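To start, the structure itself, in structure tokens.
The values are calculated or read from the model by the stated rules, or taken from the named source; none is laboratory data. What you see is a predicted model, and the numbers here were worked out from it, not measured in a lab. So basically every Cβ, Gly included, is an ideal-geometry build from the backbone, and we count neighbours across all protein chains shown. The accessibility values were calculated without ligands, DNA or RNA, using every heavy atom of the protein model including side chains. Shrake-Rupley method; radii C 1.70, N 1.55, O 1.52, S 1.80 Å.
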Amino acid sequence: MAPHLETPIISLRDHFPVDSDLEIIPQVDLNFSLPDNDTPITRLPVVLCSSRALINGIFVPATLILDPITGKITQIYNEILPRDAFPHGSTYRDYTPCVLMPGLVDAHVHLNEPGWRTEWEGFETGTRAAAFGGVTTLIDMPLNAIPPTTTVENLNLKVAAAQNQCWVDVGFYGGVIPGNEDELVPLVEAGVRGFKCFLIESGVEEFPCVSAGDIAKAMTVLKNSPTTLMFHAEMLPPLSLSLGDSVLHGGPPAEPTGDTDKYSTFLDSRPPTFEIYAIDEILSLAHLAPELQLHIVHLSAAEGIPLVRAARERGIKISAETCFHYLTLAAEDIEDGDTRHKCCPPIREGANREFLWEALREGLVETVVSDHSPCTPNLKMLKSDGGDGDFFQAWGGISTVGLGLSVLWTESQKRGVTLEECSMWTSWKTAKQVGLLGKKGALEVGWDADVCVFDPEAEFTVTTAEMKFKNKITPYENKTLKGKVCETWLRGRRIYSSVDGFDEKSGPTGSMLLERRVFSN
């Protein structure tokens with residue numbers, strides 16, 4: 001007979017100090033249990049255990065029982081159970097001293113497929129890179145695919161392009177552009193996880209920026225929908241020395257103050273005031289949809305934090321994210337011509353960076369994402385590749401997907417930030433942001449069996465071998481990072497191992513996350 005186990009199943013809902021307005025997806029009724037040795041086995045469990053598993057927000061000894069058929073976690077015990085507690089032939093792995101964490105949910109990724117920008121990044125390479133880094137769910141931005149995800153028809157084209165290519169589960173954002181307000185509710189019904197718009201030109205002509213009038217229309221249309229309206233919060237001041245904004249070609253938003261291969265010149269061209277103006281504009285319209293969740297993507301300027309704090313105190317539903325690169329890189333360290341560091345908003349000074357860390361720990365900035373926005377080498381204008389290192393001509397975007405947890409953990413240890421906090425910002429909170437709690441974001445009975453096996457003590461140097469994304473360009477190249485993903489499990493099946501590589505035999509098994517969002521409880 002199998003041992004009698006009296007250890008209670010751990011319940012996140014019972015013990016975790018969560019917010020009261022969670023969007024909980026209905027669960028499947030699971031009754032998978034350990035059978036007696038003489039009971040016929042219809043399917044064998046997968047058993048993962050460690051002396052350190054992230055359960056209810058803390059690391060404890062735990063045993064997770066996964067069902068690879070349903071893809072769910074069926075039981076969790078708060079001790080390490082021995083191999084002989086399970087039927088012969090069960091998959092059993094004790095990962096001690098490595099840790100078991102929920103798979104990351106990267107809520108801001110540009111995969112660019114379909115269309116000609118697929119040569120920048122596509123579903124197969126982008127999701128493979130995500131799996132390498134313990135990411136089990138990512139949400140694809142509405143640009144820079146051609147066509148952009150601004151209509152249901154275009155969403156269907158994107159979903160068709162993603163089929164049978166995704167190593168991890170993938171959800172989709174819709175886009176708000178001038179004139180597409182009638183498409184927004186149908187996109188909600190089609191399953192997008194939220195909407196993004198730009199208050200400054202995006203740099204691609206098929207995704208133009210919106211005016212205050214466009215935002216007002218979008219808020220009015222979406223005010224009764226279970227979704228999130230997100231903003232690239234940079235905006236030109238009413239009066240400025242502006243040459244027009246073109247991230248890919250042409251001039252900067254503000255007139256250059258010096259040589260265009262100097263990072264300081266680029267930084268001067270996108271000052272914090274651009275973010276402040278944009279956030280002010282958004283907040284001035286929030287009364288049009290008081291129940292609609294608003295969200296600032298990739299906040300970089302510390303000056304925006306007090307605006308978010310004050311808005312929340314007034315009852316406005318607004319949240320903010322920042323990115324791995326804003327938390328780890330600093331303007332003072334960027335060499336002239338090193339356009340690998342160009343992104344918009346820009347990487348700011350080290351002192352600014354520390355305010356972002358403080359805002360995260362305070363809860364004013366809730367999530368950390370990659371904003372993986374790649375391009376081909378020629379568009380980065382790198383001097384090492386024969387370019388002129390012009391920060392104004394180079395494409396703006398940082399390639400980070402798959403490196404984020406290690407990047408974040410490396411910097412966290414310098415500040416006394418815990419791995420539990422890192423997971424909160426990159427799994428639980430990001431899942432909440434896109435309405436996937438109840439399915440993603442935690443190791444919880446009935447939730448998807450998405451597991452990241454992480455060695456917080458391991459070190460590795462970022463080389464092209466560690467860059468699984470399509471174009472091997474990142475400012476993290478040759479940097480030594482602390483903490484390495486050993487394995488990634490998606491819905492009860494191992495898809496990546498640092499020893500064995502990817503499960504090429506099974507191939508990409510990620511699902512499209514197209515269920516309609518539900519309202520918060």
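Results, tabulated for the structure shown:
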| item | result |
| --- | --- |
| Net charge, PRO290 excluded, C-beta distance under 11 Å - Lys, Arg +1, Asp, Glu -1 | +2 |
| Neighbour net charge for ILE146 - beta-carbon separation under 12 angstrom, K R +1, D E -1 | -2 |
| Residue-normalised accessible area of the chain, given per residue in Å² at a 1.4 Å probe | 36 |
| Neighbourhood charge, 11 Å Cβ-Cβ cut-off, centred on VAL210 and excluding it, Lys, Arg +1 and Asp, Glu -1 | -2 |
| Highest average packing first - 331-339, 127-135, 318-326, Cβ atoms within 10 Å | 127-135, 318-326, 331-339 |
| Beta bridges per DSSP with both ends in the chain, % antiparallel, nearest 5 | 50 |
| Approximate shape of the chain as ellipsoid semi-axes (Cα gyration tensor, √5λ), whole Å, largest first | 39, 25, 21 |
| Loop-resident sites, the range 79-151, for GluC sites (Glu not before Pro), counting at most 16 other Cβ within 10 Å (DSSP) | GLU79 |
| Separation of the THR376 and TRP116 label points, Cα + 7 Å toward Cβ, nm | 0.9 |
| Rough spin-label spacing in nm, given labels placed 7 Å along Cα→Cβ, for GLU205 and ASP385 | 2.3 |
| Accessible-area composition of the chain, carbon plus sulfur, in percent [1.4 Å probe] | 51 |
| Mean separation of Cα contacts under 8 Å (6+ apart) over length of the chain, as relative contact order % | 21 |
| Under 18 Å from LYS479, Cα to Cα: lysines that are on another chain or at least 8 residues apart | LYS342, LYS414, LYS468 |
| Per-pair calculated FRET efficiency, R0 = 51 Å: ASP268 and ALA85 via Cβ, rounded to 0.05 | 0.20 |
| Relative packing of 156-162, 381-387, which averages over residues the other C-beta atoms within 10 Å, highest first | 156-162, 381-387 |
| Out-of-range pairs (alpha-carbon distance over 20 Å; input LYS72/LYS440; LYS196/LYS439; LYS72/LYS505; LYS380/LYS472) | LYS196/LYS439; LYS72/LYS505 |
| Mean ellipticity per residue at 222 nm, deg cm²/dmol - from DSSP H runs of n ≥ 4 across the chain, formula -39500 (n - 2.57) | -6000 deg cm²/dmol |
| Point-to-point label distance, ARG361-GLU515, nm (Cα→Cβ direction, 7 Å offset) | 3.7 |
| Contact order normalised by residue count of the range 392-521, Cα under 8 Å, 6+ apart, percent | 23 |
